Amino acid sequence: MTSAQGAFFDAATAERLQSFNDLLTHDYATFLGFPAALDFDYSPLIPFTQYFLNNIGDPYVNAFLGTHTKTFEREVIAFFADLFRAPKDSHWGYVTNGSSECNLYALYVARQKYPQAQVYYSVAAHYSVPKNVHLLGVRGVPVATQQSGEMDYDDLRAKLDPALPAIIVATIGTTMTEAKDNVATIKDTLSSAGISDFFIHADAALAGIYVALGESHHPFDFVDGADSVNISGHKFIGCPTPCGVIIVRKEDKERLQAANNYTGSPDSTITGSRNGQTPLFLWYAITTVGREGFLRRAQVGQRLAADALARLRALGWEAWRNPDALTVMLKTPPAPVAKKWQLATADGWSHIICMPGVTQEKINEFIEDMGAANSDE
Ligand SMILES: *Cc1c(COP(=O)(O)O)cnc(C)c1O
């Protein structure tokens, strides 16, 4: 096939792309404040960027369209269903555009099960949770957090309405402090309120993989009481484009009405056409890196975070960290340091996140900058 673009490719276009490449390389060198692994190499998949890949419809039913990656998508779902201890033969899931879509899907499924339910989530939950609550037209009830960013279960208990079913969003790795809500404690709280009709969604976008693989078990998965669990693919795993994975119980998904359509595959997801590249990226990551590799990569990040915390404190800079987190909270550094390292800031606090790919050298340079800024003050 002759390409549509080739005939028009000229020196100006090449130059524009080269300067964009230079800009990205420059920004990569000081990337420390956003939870995305950057050290991936998907070059063996480059040939597949030359194909139109569309996973429209249900991952388990091929559409009429032949150019898709559903075989790979099903393997990705099986990997995460197993990691999150979903019921072996009665789970369902798909690869989404990211965890915001995962949260929408989970809340959609939960609302179909309990249309009268209120949705409880902590104030540290991701902003897509209240947004999706609004989209679905259900009633949301924000719950306070403890200092660490973990849900305040006493406040949850006080806010639960025992007359109504409850949908709870547990965040496993909050966006600011990487706090983890405890699904077992949430279940106990529901039971002490006398609520037996409930649905718990574990939003594990950032931390789900390494929490599941970690030595000390933190309760958050299906066996612990979650009814759905999600992760983002572009965060801990690392992926060139945003994506996510949502796992639910099959019976919950079957409560949804898939619209009749002409594609040959049931319309059981949120969007119509779906990205066919991202399942291939995720499949490649789980096939090459796998469970052991993910665990090792998390441990490197945890060691770096512990090291960064100790050195910030040695400088006399106020800082803290949740147990096993890759995130280190610190009083917002002086503006030039915060700007250089692209640090998010809220209420006078910032964080660095020791994602896979962050090196000891990068931490050293950051600590040097902090030391210099500190002595200038
Ligand atoms: C990042 C994040 C999200 C949103 O994920 P996207 O993939 O950016 O849509 C949702 N929840 C949590 C806990 C997150 O960390």
Flag for G244 being within 27 Å of V61 (Cβ to Cβ) and surrounded by 15 or more Cβ atoms within 10 Å (Cβ to Cβ): yes
Subset of the stretch 211-253 that is within 15 Å of the ligand (Cβ to nearest atom) and of a type in the set (F, W, Y) - its residue that is farthest from N103 (Cα to Cα): F236
Starting from the stretch 288-302, keep only residues that are under 11 Å from A212 (Cα atoms), then list their pairs with residues that are surrounded by fewer than 13 Cβ atoms within 10 Å (Cβ to Cβ) whose Cβ atoms are within a distance under 9 Å, requiring at least 6 positions of separation or different chains. none
Looking at S99, is it crowded, with 16+ Cβ neighbours inside 10 Å, closer than 30 Å to T359 by Cα and of a type in the set (G, A, S)? yes
Out of V183, V245, I need the residue that is touching a residue at least 12 places away in the same chain (Cβ under 8 Å), within 18 Å of A36 (Cβ to Cβ) and among the β-branched types (V, I, T). Which one? V245
On the basis of being of a type in the set (A, V, I, L, M), closer than 27 Å to G214 by Cβ, modelled with pLDDT of 95 or more and surrounded by fewer than 21 Cβ atoms within 10 Å (Cβ to Cβ), does A306 make the cut? yes
Answer yes if at least one residue in the stretch 108-119 is without any contact (Cβ under 8 Å) to a residue 40 or more places away in the chain, farther than 25 Å from T174 by Cα, of a type in the set (K, R) and not in a strand (DSSP E or B), and no otherwise. no
Count of residues meeting criterion [surrounded by 16 or more Cβ atoms within 10 Å (Cβ to Cβ) and away from the ligand (no atom under 14 Å from the Cβ)] in the stretch 113-135: 6
Keeping to the stretch 254-273, report how many residues are out of contact with any strand residue (DSSP E or B) (no Cβ under 7 Å at 6 or more places or on another chain) and within 16 Å of the ligand (Cβ to nearest atom). 2
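The values are calculated or read from the model by the stated rules, or taken from the named source; none is laboratory data. Predicted model, so just to flag it, every value in this text is computed and none were measured. For neighbour counting, all protein chains shown are included, and Cβ atoms are generated from backbone atoms with ideal geometry for every residue, glycine included.
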